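Visitor: One structure, as structure tokens, below. Some questions next.
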Amino acid sequence: MDFSYTVLIPLIPLFVFLVVGIFSNYLNPKVAGAIGVLGLSTTTLLSLYTAYKYFFEVGKVNEVYQTIIGTKTTWIHFSEVLHIDMGVLLDPISIMMLVVVSSISLMVHIYSLGYMKGEIGFNRYYAFLSLFTFSMYSLVVATNIFQMYIFWELVGVSSFLLIGYYYDKPSAVAAAKKAFIVTRFADIGFLIGILILSFYAGTFDFQELNNPQGSLILNGVGSSFMGLSVIAWALILMFMGGAGKSAMFPLHIWLPDAMEGPTPVSALIHAATMVVAGVYLVARMFPLYYFIDGGFVLQIVAYVGAFTSLFAGVIACTQNDIKRVLAFSTMSQIGYMMLALGVSGFSGHEGLGYMAAMFHLFTHAMFKALLFLGAGSVIHAVHSNMMKDMGGLRKYMPISNITFLIAALAISGIPPFAGFFSKDEILVAALEKSPLLFAIEWAVAGVTAFYMFRIYFGIFWGKENSYAHTPHESPWVMTIPLMFLALMSIVAGFIPFSEFIAADRMPFEAHFNILVSTVSASVGVVGIVVAWIFYKSENNIPERVSKAFGAFYTWAFHKFYFDELYLFVTKKIIFNGVSASFAWFDKKVVDDGMIGIGNATLNTSEKIKKLQSGKFQDYATWFILGAIALTLYFLSKN
Amino acid sequence: MISGISIYHILTLTSILFFIGVYGFITRKNLIAILISIELILNASVINFVIFNTYLYPNRLEGVFFSIFIIAIAAAESALAVSIIVSFYRMIASVAVKDTETLKY
């Protein structure tokens with residue numbers, strides 16, 4: 001089976017980006033949108049076809065899923081062993097990501113036709129969307145870690161461009177910069193990790209790096225540094241990059257601000273695809289993470305994930321901007337995925353966490369994109385992000401209401417919606433590893449249900465606002481993606497993921513743990529009931545409860561003051577303390593040194609320029625004097 | 001070989017001639033005079049060649065040959081120099097050295 005056509009999957013969006021980008025001033029917005037949707041539809045079909053071919057026809061050999069290199073070309077050649085390739089690598093997780101990215105991206109493309117209609121720079125928006133899709137495809141199918149890194153940065157750039165889409169809005173510009181700088185800062189770790197890893201492994205190739213029988217895992221752990229092997233440090237640094245991209249604590253501060261971008265962008269980039277790149281990175285390098293130093297780094301991954309999910313869940317309960325609630329919810333759910341990877345074993349049923357992480361990634365992409373698009377539909381109708389400007393919208397927007405409800409049920413882990421199954425697998429995996437992590441995630445499941453229904457009731461129920469003009473349901477280009485994603489949020493949970501994805505590539509039977517699922521579903525129900533009591537109709541319970549929490553509530557409301565902390569650290573300590581001395585050094589030593597050299601040259605040349613008088617007799621005089629001097633010198637030497 | 005006159009006398013003479021030429025080359029204000037000074041320098045060296053040949057290697061002729069070459073080249077050189085001076089004169093109506101400064105630019 002020849003998979004070389006898969007190279008088209010990233011190349012078509014690139015082509016669309018070039019066409020729409022170059023001709024953005026000439027194209028009719030309708031044409032540009034049509035080109036974008038058409039290109040994306042083609043790649044979606046190709047991705048689905050590839051997935052079908054791979055999973056059902058050629059992928060499995062002797063019950064093990066193979067890694068297939070669709071196509072590969074050497075991009076930069078350093079030596080026989082060290083070269084950077086560009087290519088398409090197909091294995092279960094990359095194909096699953098292709099399906100996720102293509103379907104969500106297609107939905108967002110269609111949805112944006114309605115949401116962005118009439119915006120200035122509509123064509124630019126579609127060009128950037130295509131750029132992002134191209135980068136994301138290339139990231140997930142990367143055959144080697146360097147290709148991944150290149151496109152990793154490129155998705156960062158597209159994210160920057162799309163967050164700053166409303167570039168005349170100072171807050172959007174600031175948010176774009178913040179997102180780029182924070183993720184870029186984290187990527188320094190990623191780059192150093194790559195360099196260390198490739199230094200010891202002598203290759204960038206995923207297949208060689210990840211081979212459990214490979215030299216790196218068996219013996220090449222390198223020298224040790226502070227009690228850990230160098231490879232483990234490299235993996236920690238790479239996880240730092242992943243944590244930055246996936247908004248894990250403490251590099252999470254950019255994600256809430258990134259909501260300044262258009263809502264479909266938040267759905268595509270900051271909920272479903274780009275932010276899970278960190279999870280994908282850990283999953284991609286999973287054999288290394290698991291085998292190096294007995295999985296020590298995985299424990300870090302697990303605890304960072306668990307802490308982030310709790311931390312973000314608590315903040316989400318206090319926010320009033322619905323997109324920010326969803327952003328914190330995204331962080332929380334990605335924390336789940338990280339945790340699942342962190343507690344995972346490698347083979348057979350022990351590898352449940354790995355499968356669960358990918359499963360949750362898949363279902364989360366569906367329902368979180370749906371939540372964002374639903375929120376976008378509401379924002380489109382009432383022209384505000386704030387919950388206080390909404391309420392009672394269920395009568396005006398029935399489709400948005402029902403699809404949002406489905407997504408909220410899915411994320412709350414209520415059977416039979418998608419989130420229930422994936423979250424259940426994560427909880428089972430966590431319980432097998434550590435009761436503490438299980439307890440945290442179990443509590444977060446309740447918190448998730450609470451804040452999700454808090455905004456659901458806040459938007460669609462509760463006190464009806466007096467609207468300046470009656471809100472109405474969004475056009476069909478916006479509701480069709482909602483309905484498709486709602487369908488996916490219902491059925492995605494029934495996909496037997498363990499048949500397709502496993503850490504060691506051998507399909508296994510995931511057992512349904514009835515006890516854990518009952519416990520997790522019931523805490524979700526409790527969360528919903530609490531939200532029902534608080535927010536179904538107007539009352540003063542929320543105020544009293546928030547008062548009861550007192551300082552803690554204020555603390556959480558201000559996102560635990562992390563933004564302020566970072567500002568303090570950067571502005572007060574780094575800018576004034578560290579940077580000031582560097583600036584002094586730069587101004588006084590480097591700049592003045594250079595100016596001094598320039599001035600010295602100028603003055604000297606001013607002094608000696610008389611020598612070149614243009615009078616040849618002067619030159620002759622100097623020549624003769626010189627000749628005489630040399631003669632005398634040589635005479636005196638003898 | 002001239003009887004009664006040693007090589008030292010003649011070398012002293014040519015040295016004096018040479019430095020008169022150099023002095024003239026440096027101090028003359030007229031291009032023609034400078035040209036003449038150059039001829040003095042050349043003549044001093046030509047005499048040296050001949051003298052060394054005659055006094056030190058009487059059986060050989062290289063020095064004399066060289067002096068003939070130098071005379072030929074000097075003739076060509078003065079023809080060239082004079083033509084440059086003439087065209088220069090046509091340009092700025094002067095053969096003074098100080099007026100040649102502008103060639104610098």
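The values are calculated or read from the model by the stated rules, or taken from the named source; none is laboratory data. As the structure is a computational prediction, the values presented were derived from the model and not from experiment. For neighbour counting, all protein chains shown are included, and Cβ atoms are generated from backbone atoms with ideal geometry for every residue, glycine included. With ligands, DNA and RNA removed, areas are computed over all heavy atoms of the protein, side chains included. Shrake-Rupley method; radii C 1.70, N 1.55, O 1.52, S 1.80 Å.
Visitor: Given a 1.4 Å probe, how much area per residue of the protein assembly as shown is accessible, in Å²?
Guide: 45 Å²
Visitor: Any idea how far the Cα center of segment A:357-421 sits from the one of segment A:241-295, in Å?
Guide: Comparing the Cα centres of segment A:357-421 and segment A:241-295, I get a distance of 21 Å.
Visitor: As a test of understanding, state the convex hull volume per residue of chain B from its alpha carbons, in Å³.
Guide: 103 Å³
Visitor: Here is a further query. In whole angstrom, note down how far apart the Cα centers of segment A:463-492 and segment A:318-334 are.
Guide: Answer, in whole Å: 19.
Visitor: Separate question: Please determine, in degrees from 0 to 90 and to the nearest 10, the orientation of helix A:92-115 with respect to the longest principal axis defined by the Cα atoms of chain A, where the helix direction is its Cα long axis.
Guide: Long axis of A:92-115 versus the principal axis of chain A: about 80 degrees.
Visitor: Straight distance only, please: which aspartates and glutamates reach the Cα of A:K245 with their own Cα at less than 15 Å, same-chain residues fewer than 8 apart left out?
Guide: Once the sequence-local aspartates and glutamates are set aside, what remains near A:K245 is A:E153, A:D187, A:D257.
Visitor: Would you mind putting A:23-34, A:232-243 in packing order, based on average other-beta-carbon counts within 10 Å, highest first?
Guide: A:232-243, A:23-34
Visitor: Here is a follow-up. Nearest 20 debye, what's the magnitude of the dipole of segment A:427-572 about its Cα centre given +1 on Lys and Arg Cβ and -1 on Asp and Glu Cβ?
Guide: For segment A:427-572, the charge dipole is close to 520 debye.
Visitor: If you average over every viewing direction, what projected area does the convex hull of the Cα atoms of segment A:518-565 give, in nm²?
Guide: Computing the convex hull of the Cα atoms and averaging its projections yields 4.7 nm².
Visitor: Aspartates and glutamates near A:K53 by alpha-carbon distance under 18 Å, same-chain residues fewer than 8 away left out - which ones?
Guide: In chain and number order, the partners are A:D2, A:E63, A:D91, A:E499.
Visitor: Let me ask another. When N is the residue count of segment A:56-145, what does its C-alpha Rg come to as a fraction of 2.2 N^0.38 Å?
Guide: 1.44
Visitor: Same structure again: Using 0.36 nm per residue, how much length does the chain from A:R184 to A:S384 gain when fully extended, once their Cα-Cα distance is taken away?
Guide: That works out to 68.9 nm of additional length.
Visitor: Counting protein heavy atoms only and a 1.4 angstrom probe, how many square angstrom of accessible surface do chains B and A bury in total, to the nearest 100?
Guide: Summing both chains' loss of accessible area gives about 900 Å².
Visitor: Quick check: the angle from helix A:398-412's long axis to the longest principal axis of chain A, C-alpha only, nearest 10 degrees?
Guide: 80 degrees
Visitor: Would you mind calculating the gained length between B:A81 and B:L13 on full extension (0.36 nm times residue separation, minus the Cα-Cα distance), in nm to one decimal?
Guide: 21.8 nm
Visitor: Looking at A:I300, A:A408, A:P264, which one has the Cα that reaches farthest to the positive end of the dipole of the protein assembly as shown (charges on Cβ: Lys, Arg +1; Asp, Glu -1)?
Guide: A:P264
Visitor: How much of the accessible area of segment B:7-100, probe 1.4 Å, is carbon plus sulfur, in whole percent?
Guide: 76 percent
Visitor: Next question. Throw me the Rg/Rh for the protein assembly as shown, computed over C-alpha atoms with Kirkwood Rh, two decimals.
Guide: 1.32
Visitor: When we measure straight from the Cα of A:K463, which lysines land under 25 angstrom away, once same-chain ones fewer than 8 places off are left out?
Guide: Cα-Cα hits under 25 Å: A:K323, A:K388, A:K395, A:K536, A:K547.
Visitor: Please compute the modelled spin-label separation between A:Y5 and A:I595, points set 7 Å along Cα→Cβ, answer in nm with one decimal.
Guide: 6.7 nm
Visitor: A further question on this structure: At 0.36 nm per residue, minus the direct Cα-Cα distance, what do A:E543 and A:N603 gain on full extension? Give it in nm, one decimal, please.
Guide: 14.0 nm
Visitor: State the Cα centre-to-centre distance between segment A:572-603 and segment A:134-199 in whole Å.
Guide: Centre-to-centre distance over Cα atoms comes out at 32 Å.
Visitor: Where Rh denotes the Kirkwood radius from the mean inverse Cα pair distance, what is Rg over Rh for segment A:1-154?
Guide: 1.03
Visitor: Note down the magnitude of the dipole of the protein assembly as shown about its Cα centre, charges +1 on Lys and Arg C-beta and -1 on Asp and Glu C-beta and zero elsewhere, to the nearest 20 debye.
Guide: 2000 debye
Visitor: Helix A:322-342 versus the longest principal axis of chain A: what angle, 0 to 90°, nearest 10, using Cα atoms?
Guide: For A:322-342 against chain A, the angle is about 80 degrees.
Visitor: Okay, moving on. Would you jot down the residues in segment B:9-38 that end up with at least 40 Å² less accessible area in the complete protein assembly than in the chain alone, with a 1.4 Å probe?
Guide: B:F25, B:I26
Visitor: Answer with one residue from B:V95, B:L17, B:L61: the one whose Cα lies farthest towards the positive end of the charge dipole of segment B:7-100, charges on Cβ with Lys, Arg +1 and Asp, Glu -1.
Guide: Projecting each Cα onto the dipole axis, the largest value belongs to B:V95.
Visitor: If you take all C-alpha pairs in segment A:506-638, what percent of them are over 19 Å apart?
Guide: Every Cα pair in segment A:506-638 considered, those over 19 Å come to 81 percent.
Visitor: How big is the charge dipole of segment A:227-368 about its Cα centre, in debye rounded to the nearest 20, if each Lys and Arg gets +1 on its Cβ and each Asp and Glu gets -1 on its Cβ?
Guide: Charge dipole of segment A:227-368: 160 debye, to the nearest 20.
Visitor: Follow-up. Counting only protein heavy atoms, probe 1.4 Å: which residues of segment A:608-631 lose 20 Å² or more of accessible surface in the full assembly compared with their chain by itself?
Guide: A:Q612, A:S613, A:G614, A:K615, A:F616, A:Q617, A:A620, A:T621, A:I624
Visitor: OK, next. Under a plain spin-label model, where a point goes 7 Å from the Cα along Cα-to-Cβ, how far apart in nm are B:I2 and A:V529?
Guide: Calculated label separation equals 13.9 nm.
Visitor: Which value at 222 nm does chain A reach when only helices count, each DSSP H run of 4 or more adding -39,500 (n - 2.57), with the total divided by all residues and rounded to the nearest 500 deg cm²/dmol?
Guide: Calculated from helices alone, the mean residue ellipticity at 222 nm is -21500 deg cm²/dmol.
Visitor: Hey, if you put +1 on the Cβ of every Lys and Arg and -1 on every Asp and Glu Cβ in segment A:543-606, which of A:L567, A:F549, A:W584 ends up farthest toward the positive end of that dipole?
Guide: In segment A:543-606, that residue is A:F549.
Visitor: List the equivalent ellipsoid semi-axes of segment A:49-109 in whole Å, largest first, each obtained as the square root of 5λ for an eigenvalue λ of the Cα gyration tensor.
Guide: Computed over segment A:49-109, the values are 26, 19, 8 Å.
Visitor: If I compute solvent accessible area with a 1.4 Å probe over the protein chains, what percent of it on chain A is carbon and sulfur?
Guide: On chain A, the fraction of accessible area on carbon and sulfur atoms equals 69 percent.
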